[in-house]
Structure formats: structure tokens, C-alpha cells
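Below is one structure, written out as C-alpha cells; the observations come after it.
Where a number appears in this text, it was derived from the coordinates with a stated rule and is not lab data. Note that this is a predicted model, so its numbers are computed, not measured. Cβ coordinates were reconstructed from backbone atoms using ideal geometry, including for glycine residues, and neighbour counts include every protein chain displayed.
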Amino acid sequence: MTAESAVATPRTVWTSRDGVVIHDLVPERDRRAWAARGHCPDRDLYSLFAEHARRHPGREAVIDAAGAVDYATLAARVRRIAAAFAAAGLGARDIIALRLPNGREAVAAELAVAALGAVSLPYPPGRGTRDTVSLLTRSRARGAVFSSPDDVALLPQLACLRAVFAPGGLPGARPLDVPAPAFPDPPPTPDPDSPARILVSSGSEAEPKMVAYAHNAMAGGRAAYIRALHADGTPPRHLVLVPLASSFGSCGTPVTVAALGGTLLVQDSFDPAAALRMISEYRPTHVFGVPTMLRRLADHPPLPGEDLTGLRAVVSSGAALPASTADACRRRFGRPVIAVYGSSDGVNCHTAATGLTPETGTGRPDPAVAAIRITDGHGDPLPPGQPGEICARGPMTPLCYVASPELDARYRTAGGWVRTGDLGLLDAHGRLHVLGRLRQIVVRGGYNISPAEVERELGAHPAVAEAVCVAVPDPDLGERLCACVRELPGTAPSLTLPDLTAFLERERGLERRKLPELLLRLPEMPLGPTGKICRRTLTAMASAAPRRA
């Protein structure tokens, strides 16, 4: 075991009133050094937002289905919601859960938590209440804002909750729009290195992971990767298609609005035609989405009078970007396609200004975001060109996992480095190439197959719009590889398994032992709450399908 293979004694930076302790696993000297270099603003998110509201009150802050709201109006709404929180007994030592659809209320509620000096716990809305029970029980959240009566009905099971709110009101919840005492001015000013937001990610764990991020990490490292997408100083206008409560969606409220003072465009649920209308009408500079969403935009026929002149780039993250999707977006929009490698665990790296395309690499790590190194199985750094585990540490590195010391022990090192569980290499020019997941493998007859590798090659097929490979249980070999494929609209004749395996073997040079043995053709890919393709659903569908090509 190396010196970096275990977590050192952590530094406590925040404790909730109900005893949830947030540690910082990065040495304090490193945090202070990043701030001294200007990589972090050393200010809390609400004070940054309030300054933008003072400087440009008439600028559009949020554009949703109801139209545009400017910074002055949004700031007034934020103060009113924060006052309602305070009147209900919530304060700076509380965690407040937010489960709201995209829109101005979701933005205002998260900024109101920041104004209170509290910690927000946003997570995407959707069917089911399992995540609500798990997240709120483990985080001991004292407050919550829900949009679903099913979540509100859980109140008797959640003894930690002291106040539940709902926009417009729901039985058992307080409305957010009732008169409340004026919020104190000036508001609390939290330590910039204390937690501001808890990112939620299901990952490969049985329960959703909760990752605590400081104000400096959100407004510093995470904002730096977004700021690098803009070549000039014009205010950003970002159409964020993913849920704002997701990890990728954190580029919305805390970054685009609070840190950068830009304009955030959102839909309450993803709709390709409506998104294209927003691009024409409101002229975002960048569109952010997972590959599935971007593919559906690219496949949608042009709208009458469509105007894309304001668009500068399309930004993909949340999943590997297939080559066919990147090419389809370039043809459809005539703009650069930027691929972001990132995760809620604390890494972001993208292809902007690196000379790489999404098909040839991920990008050069930015020290203002996170340094990246490749390590072997013992945690020791590897030289350029050698593949190993991707590890990251820098201004955007999170504090710790919340209420999960076992995850800290598994995914963090003594020096605060994040172990991503991803396989990659740094080339001779210092550029990162992501090769797949270390743990996501299919074991066929004792041979390990990387689904990511096969997916990447399937994505090069001219008739394949989307491809995901999953394991199907097999009594003889243990597992077999199933290719789940959505074909391009209008493709004829339909793809067959022999078509795909011949392409993979002859055109792409894939070894025969890696070829998929099953094919599941789908008109649409099943999506999870964050808009990414749901592998769990695909696995169930593939396992239940008749065993034929």
C-alpha cells in the first residue's frame, strides 16, 4: 500500500445541526494555494449572485416556458424564498433538499438556500420515492422543496424534516409565495471552503452517492471549465437540456447564474422541437446535453424560419459521445462539438482549444479545473502513453462523500486525489484519452470485454444512431454481450447481427471474442431521470428478449 492509497485524517469544515459532518479531504494548504492563484474567487455563491444582480439588474437571468426573468426580479424572488425558509426555522447549519423540475423556481430555490448560508441537496424529479427516502434519511435534511405530492406524503417517514415547501402549495406542504418576514441584509457569509451544494449520482452504488462541493469548488473549478468555452468576455447564454439538479446540470444555477452572471435557458422536460425553437428565439451561445439529447436534436428536421446564428458550440457530457452523434451534430448545426469528460466525483476535462475532436481524445487537463494523473493498481503515477486509472485533484475537487466514509476510503487518496474508476492515458502532449470504465466489464467464459470499447466502434457504423452494450446472463458462459441499437431514421434495410459483427471485425478490426452475440433493436433508448440512457433498463430488456439475432 502506498502513501496515497488511504485517506488521511480529514479536516472538518462543517457540521449540520443534526450531526452530519462534512470533511475536506484535500489538504488546506492546497485549497489556499488555488485561491491565491486566482483559481477560486474565495467568495460564497450567494454574494456572487447578488453582485451580478446589482451590476446588471435588467439582464435576463432565466428563460423558461413562462418567458424571461431578469436578475433584479430573480433576486427579489430569492430573498422572499430565503425569508420563508428562515421563518420556518431553517438556517445556516441545515441541509435543504430540492426536487423540482427545471425552471425559475428551481433556480430561485437553490439560490435561496445559498442566501440562507445553508447547503442545498438538489436531485432530479421523477417517478418513485426511493431516492427521497434514501437521500433525506442519510443527509438528515431539515428542509425540502418538493413538486410531487408523492414526496410530500413521505413526511411521516422522514423524522429529520422540519419544514416542507411546494411551489403553489400542496397538501401537507407550505407554499413558497406567502408573505414572510424580510430576509436579513446583509445575509450570512459562509466560509468559501465550506459546503454549498451536494451533488447526487447513482453511479454503480446501491444507493445514490452524495458528494459535497464547496462554494470555491463550484464558483472556481467548475466555473473555470465553463468559462473556458467562451473565447471572449460576452455574457454566456446557456441552454441546459439536462436536469439542473443533476451533476452535469450544476453548470446551470451555481455556475451560469451565480458565478458567471449569464443567462440560463431551460425546459421543464426535454423536447427536441421546443429546444430548437428556444435556440432560434433566444439565441443561446451554447447548448449542453447528454449524447442522446443531442442526437435527437440533430435528427430533428429544421423548423420553419430556424435561426442558429447565435449558437457557438454544442457541448456533450454525461456519457461517452459516439462518433456518429458528433458528426450528426456538426452537420446539423455547423458548429464545433465539444466533448466533456466529467463526473460528480470531481473531474472535468474537455476538447475545447486542444486540437482534439470528440473522436480522438478528451482534452488537455486545465490546472484551474483539475490536474489529472494516470495511476497503476497501487496508486503510483504512470508515464505518458501507459493506460491506468484516471485520478484528479484541483480547484473543483469535492470535499468528501456525505455520510459514506466507505466511499471516501474507496475513491479518495490520502492527498485528496479522486479515484474515478475510469481507464485512460495521457499522451505525449499531455492530453487525456478516456478508454472506458475499469469496473464496467462483461465476463464471457472468463474473458473480460469492455462494453465501452464495443460501443465506440458500433458508433462508427453509418446506420447506427445510438448503441449501448450490456451483459446478458448465460448458463454456459456466464455472460454474453448484447448490442442495444437505435438505427438512424430512414435506414433500410434493418440492421442484423451479422451486419454489425462483420462491420466490427472487418472495418473496425475488433477481435472476434469481443463481438456482440445478441442484438436488441429499439425505436428509442430508455432514459433515466437525468436524460442519460438507462443501462439497468436495457439490461432487463435484453435479458427478457428472445435469444435471436
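The per residue volume of the convex hull around the alpha-carbon atoms of the range 286-351 is 81 Å³. Placing unit charges on the Cβ atoms of the charged side chains and taking the dipole of the chain about its Cα centre, the candidate lying farthest along the positive direction among Tyr225, Gly379, Ala36 is Ala36. Under 16 Å from the 7 Å Cα→Cβ point of Ala66, by amide nitrogen: which residues of the range 249-291? Backbone N within reach: 264-269. Applying a DSSP loop filter and a limit of 13 other Cβ atoms within 10 Å to the chymotrypsin sites (Phe, Trp or Tyr not before Pro) in the range 154-249 leaves nothing. When the GluC sites (Glu not before Pro) in the range 433-518 are filtered for DSSP coil states and for at most 14 other beta-carbon atoms within 10 Å of their beta-carbon, the remaining sites are Glu511.
Spatially, the range 426-477 and the range 274-350 are offset by 24 Å when compared through their Cα centroids. I'd like the distance separating the alpha-carbon centroids of the range 365-400 and the range 214-234, in whole Å. Centre-to-centre distance over Cα atoms comes out at 20 Å. Per residue, the convex hull spanned by the alpha carbons of the range 442-544 comes to 100 Å³. Within the range 107-244, the ratio Rg/Rh, alpha carbon atoms throughout and Rh by Kirkwood, equals 0.98. Note on the chain: with charges restricted to the Cβ of Lys and Arg (+1) and Asp and Glu (-1), its dipole about the Cα centre is near 340 debye.
Which percent, to the nearest 5, of DSSP beta bridges fully inside the range 77-187 are antiparallel? Show your work: numbers first, answer last.
On the way: 0 of 13 bridges.
If I count the DSSP bridges inside the range 77-187, around 0 percent turn out antiparallel.
In the chain, the DSSP-assigned H stretches of four residues or longer account for a calculated mean residue ellipticity at 222 nm of -7000 deg cm²/dmol, using -39500 (n - 2.57) per stretch and the full residue count as denominator.
The distance from the alpha carbon centre of the range 23-82 to that of the range 144-171 is 27 Å, rounded to a whole number.
Could you work out the equivalent-ellipsoid semi-axes for the range 11-426, taking the square root of 5 times each eigenvalue of the Cα gyration tensor, largest first, in whole Å?
Values for the range 11-426, descending: 31, 27, 20 Å.
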